[in-house]
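The values are calculated or read from the model by the stated rules, or taken from the named source; none is laboratory data. Keep in mind the model is a prediction, meaning the values are calculated, not measured. Glycine gets a Cβ as well: all are built from the backbone with ideal geometry, and neighbour counts include every protein chain shown.
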Amino acid sequence: MALRKRRPARGRGASLVQGLGTYGYARIERNFLAGLVLREPILLWGPHGAGKTELCRRAAEALGLRFWAYDASKSMFEDVIGFPDPSSLESGTVGYVRTPLSIWDKEAVLIDELNRAQPSLQSKWLEVVHARQIMGCPLPQLQQLFAAMNPPSYAGTNPLDEALAGRFIAILRIPELKDMSPEDARSVIRREREVPLAGPAAAAFLAAVEGARARLAAILPSVRAGAEEYVVEVVQAFQARDVAIDSRRAGMLRRLIEARLCVE
């Protein structure tokens with residue numbers, strides 16, 4: 001089947017995320033880009049200091065999106081939605097007084113420290129992740145969602161709600177410095193965090209994502225059946241090992257495969 005053919009690896013000098021000034025992510029780059037192509041939520045997990053926030057911020061900036069990061073372990077929900085507006089109650093509705101922190105005008109959002117949030121707060125973020133709405137109110141400007149978490153072995157972490165974890169198109173493990181090539185490790189060590197995002201690199205990143213979206217729309221009729229067949233085989237292989245894949249995850253896997261085919 002055509003989907004089984006491996007595509008050539010991206011050349012070392014052609015890494016799009018490396019062009020943004022973030023290094024060592026070659027292993028996860030294509031899945032990360034596929035999530036952006038689909039505009040679906042992406043969850044990054046890895047140790048502190050691995051550059052999760054920086055990767056999300058720079059990707060959002062390259063796509064021309066207003067970026068904001070919330071610390072899920074500290075943000076009260078009043079920080080996210082603002083405060084109820086008493087005047088709105090006169091008309092039988094509930095409106096909110098917006099603040100610079102509130103989510104209503106944000107275009108790209110990172111929910112950081114997700115597994116340090118208590119289960120009650122994780123449930124509130126679930127609505128944002130799966131429906132792009134909050135307290136039943138839509139967030140039409142929100143185009144891209146990221147989340148980040150530390151390994152479950154870290155002190156102070158909580159189990160991630162399975163329903164919440166299941167809403168992310170890709171759950172990507174961020175490589176640690178010890179896992180990187182010597183060249184990438186040196187680039188990470190020498191990199192200055194405050195270096196501005198280079199215009200040409202941002203333009204190349206944006207063009208690559210938009211180009212992949214256009215290719216995806218064009219190839220879907222010809223690859224959909226093959227992608228579905230591949231996912232069925234994956235589901236059956238996991239079932240043979242007593243691991244169940246639910247229908248939502250199977251559909252996400254199909255969409256991710258289709259997007260991966262369009263990421264050069």
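If you check ARG30 against the conditions, is it within 28 Å of PRO119 (Cα to Cα), within 14 Å of the chain's Cα centre (by Cα) and of a type in the set (D, E, K, R)?
no
Mind listing whichever residues of the stretch 215-250 are without any contact (Cβ under 8 Å) to a residue 12 or more places away in the chain, part of a helix (DSSP H, G or I) and under 18 Å from ALA165 (Cα atoms)?
Within the stretch 215-250, SER247 is the sole residue that qualifies.
Does the stretch 180-202 hold any residues that are surrounded by 13 or more Cβ atoms within 10 Å (Cβ to Cβ) and either within 23 Å of ARG57 (Cα to Cα) or in contact with a Pro (Cβ under 8 Å, 6 or more places away or on another chain) (or both), and which are they?
Filtering the stretch 180-202 down to residues surrounded by 13 or more Cβ atoms within 10 Å (Cβ to Cβ) leaves 180-181, 184-185, 187-188, 191, 197-198, 201-202.
MET180, ASP184, ALA185, SER187, VAL188, ARG191, LEU197, ALA198, ALA201, ALA202 - these are the residues of the stretch 180-202 that are surrounded by 13 or more Cβ atoms within 10 Å (Cβ to Cβ) and either within 23 Å of ARG57 (Cα to Cα) or in contact with a Pro (Cβ under 8 Å, 6 or more places away or on another chain) (or both).
Specify the residue that is farthest from ALA72 (Cα to Cα); the eligible residues are those in the stretch 97-113 that are aliphatic (A, V, I, L, M) and surrounded by fewer than 18 Cβ atoms within 10 Å (Cβ to Cβ). Steps first, answer last, please.
Step one: list which residues in the stretch 97-113 are aliphatic (A, V, I, L, M), which gives 97, 101, 103, 108-111.
From what is left, the residues that are surrounded by fewer than 18 Cβ atoms within 10 Å (Cβ to Cβ) are 97, 101.
On the way: VAL97: 21, LEU101: 13 Å.
So, considering only residues that are aliphatic (A, V, I, L, M) and surrounded by fewer than 18 Cβ atoms within 10 Å (Cβ to Cβ), the one farthest from ALA72 (Cα to Cα) is VAL97.
Looking only at the stretch 85-126, count every residue that is without any contact (Cβ under 8 Å) to a residue 12 or more places away in the chain and assigned to a strand (DSSP E or B) and tell me the total. Outline the logic, then answer.
We begin by selecting, within the stretch 85-126, every residue without any contact (Cβ under 8 Å) to a residue 12 or more places away in the chain; these are 86-93, 95, 100, 120.
Retained after the next criterion (residues that are assigned to a strand (DSSP E or B)): 95.
The number of residues fulfilling the criteria is 1.
Counting only residues that are under 24 Å from SER120 (Cβ atoms) and in contact with an Asp or Glu (Cβ under 6 Å, 6 or more places away or on another chain), which one in the stretch 57-78 is modelled with the highest pLDDT? Lay out the reasoning, then the answer.
Here is the first cut: in the stretch 57-78, the ones under 24 Å from SER120 (Cβ atoms) are 68-78.
Cutting the leftovers down to in contact with an Asp or Glu (Cβ under 6 Å, 6 or more places away or on another chain) gives us 69, 71-73.
On the way: ALA69: 96, ASP71: 93, ALA72: 91, SER73: 87.
Applying the filter and picking the extreme gives ALA69.
Kindly indicate whether any position in the stretch 196-212 is at pLDDT 95 or above and among the β-branched types (Val, Ile, Thr).
Within the stretch 196-212 (the criterion being at pLDDT 95 or above and among the β-branched types (Val, Ile, Thr)), the answer is yes, since at least one residue qualifies.
Going residue by residue through the stretch 164-175, is there one that turns out to be without any contact (Cβ under 8 Å) to a residue 24 or more places away in the chain, surrounded by 12 or more Cβ atoms within 10 Å (Cβ to Cβ) and at negative phi? Walk me through how you get there before you give the answer.
First pass over the stretch 164-175, keeping only residues without any contact (Cβ under 8 Å) to a residue 24 or more places away in the chain: none.
No, because not a single residue in the stretch 164-175 is without any contact (Cβ under 8 Å) to a residue 24 or more places away in the chain, surrounded by 12 or more Cβ atoms within 10 Å (Cβ to Cβ) and at negative phi.
Scan the stretch 31-56 for residues that are among the basic types (Lys, Arg), in a helix (DSSP H, G or I) and modelled with pLDDT of 95 or more and report the count. If you could, list the steps in order and put the result at the bottom.
As a first pass, look at the stretch 31-56 and keep what is among the basic types (Lys, Arg): 39, 52.
Now restrict to residues that are in a helix (DSSP H, G or I): 52.
Remaining after also requiring modelled with pLDDT of 95 or more: none.
Adding up the residues that qualify gives 0.
On the given criteria, is VAL129 within 19 Å of LYS52 (Cα to Cα) and β-branched (Val, Ile, Thr)?
Numbers: within 19 Å of LYS52 (Cα to Cα): yes; β-branched (Val, Ile, Thr): yes.
When the stated conditions are applied, VAL129 passes them.
Filter the stretch 161-194 down to the residues that are among the aliphatic types (A, V, I, L, M), assigned to a loop (DSSP other than H, G, I, E, B) and over 13 Å from GLN18 (Cβ atoms), then identify the one that is modelled with the lowest pLDDT. Break it down into steps so the answer makes sense when it comes.
Narrowing the stretch 161-194 to residues among the aliphatic types (A, V, I, L, M): 163-165, 169-172, 174, 177, 180, 185, 188-189.
Within this subset, residues satisfying the condition of being assigned to a loop (DSSP other than H, G, I, E, B) are 169, 174, 180.
This time we only want the ones that are over 13 Å from GLN18 (Cβ atoms), so: 169, 174.
Values: ILE169: 97, ILE174: 92.
Applying the filter and picking the extreme gives ILE174.
Which numbered condition in (1) outside any loop (DSSP other than H, G, I, E, B); (2) surrounded by fewer than 18 Cβ atoms within 10 Å (Cβ to Cβ) is the only one that PHE146 fails?
(2)
Give me the pairs, please: first residue somewhere in the stretch 135-156 and more than 18 Å from GLN122 (Cβ to Cβ) and touching a residue at least 60 places away in the same chain (Cβ under 8 Å), second residue anywhere and in a strand (DSSP E or B) and not charged (D, E, K, R), beta-carbon distance under 6 Å, and either six or more positions apart or on two chains.
Going by the 6 Å Cβ cut-off, the qualifying pairs are GLN144/ALA108.
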